[in-house]
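Structure first, then comments.
The values are calculated or read from the model by the stated rules, or taken from the named source; none is laboratory data. Not measured: the values here are computed from a predicted model. All Cβ positions, glycine included, derive from the backbone under ideal geometry; neighbour counts span all protein chains shown.
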Amino acid sequence: MELKYIAARAGRLSSFLREEMAMSAGLMNRLKWQDKLFVNGIPRHTDHTVVPGDVITVPLEEPMPDYPAEEGPLTILYEDEYLLAVDKPAGMLIHPSRSANTGTLANRVLAHYQRTGQQCAFHPITRLDRDTYGVVLLGKNAHVHALLTAMQEQKAIQKTYHALVWGGPGAEEGSIDAPIERRPLPSLLRYVNQTGKPSLTRYRVLQRRKDCCLLALEPVTGRTHQLRVHCSHMGFPILGDPQYGSEESLALSQTMGLTTQVLCAKELKLLHPVTGAPLMLTSRQDA
């Protein structure tokens, strides 16, 4: 992929890269030392003076990852030259690790890129737990990843999850405003504590069933395990959750044959980071 821009003003190359082309400082500096910033086809440094009519081009080449491509089912919800959105199944890690170099979403996405002749890297924007399933949004290069990361920090990506919970809230909709803190090491779990980080979740009842309830959950903040912790704290833990479940929710989960939490990243709403077009990405799975 190549970024291209025709200058309509005069100025330093760095100002065009930052402003008109919305490039992150980290990526700009990396490409500068690789001589990958071109003006009218000639490599230039960031202090080069650009004049109206000059053509700025930046090739975006992604390095090959150190994990293997692996063929397997991959449900693609959306794809263009900048973005890929896939429907992750439960029980799958997003990224390879030291202990698991295969069988992850990254392995399958890499196989898709290679099969379709795309030199793209794995840049996830939305990261899901192993057992949480649904929409995962990926940038195809470091530039698009930086744009999406900035959008996420500015809360310009709206996320909606569906969860099946034990019991359910008394109200049909509301908010859970409860700070979340990590438990002492070596635990990786979180809990609600007044000294924790501010955490806000909005909920809405979609369907009430016998002994359980289907909720739409919107994480306004993005803390680790936020939805699972908040639902458990409020007394309606997510069914199938072995870490934050209650005695009652785990008993019902066992009766229903659930082995993982019933939590689906159902929908993402955003403006396309390059074209500005509205996007709504919806998982084909549900709770």
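Does Met234 count as without any contact (Cβ under 8 Å) to a residue 60 or more places away in the chain and either under 27 Å from Ile125 (Cα atoms) or of a type outside the set (D, E, K, R) (or both)?
Against the criterion (without any contact (Cβ under 8 Å) to a residue 60 or more places away in the chain and either under 27 Å from Ile125 (Cα atoms) or of a type outside the set (D, E, K, R) (or both)), Met234 does not qualify.
Residue check: is Thr116 among the polar types (S, T, N, Q) and either closer than 26 Å to Val205 by Cβ or assigned by TED's automatic domain parsing to the domain that holds Glu247 (or both)?
Criteria not met by Thr116.
Residues are listed down the side, and each one gets a yes or a no for (1) under 24 Å from Thr282 (Cα atoms); (2) in a strand (DSSP E or B):
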residue: Tyr191; (1), (2): no, yes
residue: Leu217; (1), (2): yes, yes
residue: Thr224; (1), (2): yes, no
residue: Cys231; (1), (2): yes, no
residue: Phe236; (1), (2): no, no
residue: Tyr244; (1), (2): no, no
residue: Gln254; (1), (2): no, no
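Here is a check on your reading of the model: is Ser187 among the hydroxyl-bearing types (Ser, Thr, Tyr), in the same structural domain as Ser253 (by TED's automatic domain parsing) and not in a strand (DSSP E or B)?
Yes.
When only residues in segment 1-51 that are outside any loop (DSSP other than H, G, I, E, B) and small (Gly, Ala, Ser) count, which is surrounded by the most Cβ atoms within 10 Å (Cβ to Cβ)?
Across segment 1-51, the extreme among qualifying residues is Ser14.
Quick grid of which residues meet (1) in contact with a strand residue (DSSP E or B) (Cβ under 6 Å, 6 or more places away or on another chain); (2) surrounded by 15 or more Cβ atoms within 10 Å (Cβ to Cβ):
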site: Gln152; (1), (2): no, yes
site: Ile157; (1), (2): yes, yes
site: Pro169; (1), (2): no, yes
site: Leu185; (1), (2): no, no
site: Asn193; (1), (2): yes, no
site: Leu214; (1), (2): yes, yes
site: Cys231; (1), (2): yes, yes
site: Pro237; (1), (2): yes, yes
site: Pro242; (1), (2): no, no
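One line per residue, one yes/no per condition, for (1) in a loop (DSSP other than H, G, I, E, B); (2) buried (at least 20 other Cβ atoms within 10 Å of the Cβ):
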| residue | (1), (2) |
| --- | --- |
| Gly103 | yes, no |
| Leu110 | no, yes |
| Leu128 | yes, yes |
| Val136 | no, yes |
| Val144 | no, yes |
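Return only the number of the condition from (1) under 21 Å from Arg130 (Cβ atoms); (2) part of a strand (DSSP E or B); (3) among the polar types (S, T, N, Q) that Gln207 does not satisfy.
The failed condition is (1).
Of (1) under 16 Å from Val165 (Cβ atoms); (2) in the same structural domain as Lys210 (by TED's automatic domain parsing); (3) assigned to a loop (DSSP other than H, G, I, E, B), Asp286 satisfies all except one. Which?
Evaluating Asp286 over (1) under 16 Å from Val165 (Cβ atoms); (2) in the same structural domain as Lys210 (by TED's automatic domain parsing); (3) assigned to a loop (DSSP other than H, G, I, E, B) leaves (2) as the failure.
Could you say which residue among Ala100, Ala106, Ala69, Ala111 is at pLDDT below 90, outside the structural domain of Thr201 (by TED's automatic domain parsing) and more than 18 Å from Arg284 (Cβ to Cβ)?
Ala100
Do we have any residue at all in segment 265-276 that's surrounded by 20 or more Cβ atoms within 10 Å (Cβ to Cβ) and over 19 Å from the mean Cα position of the chain (by Cα)?
No, segment 265-276 contains no residue that is surrounded by 20 or more Cβ atoms within 10 Å (Cβ to Cβ) and over 19 Å from the mean Cα position of the chain (by Cα).
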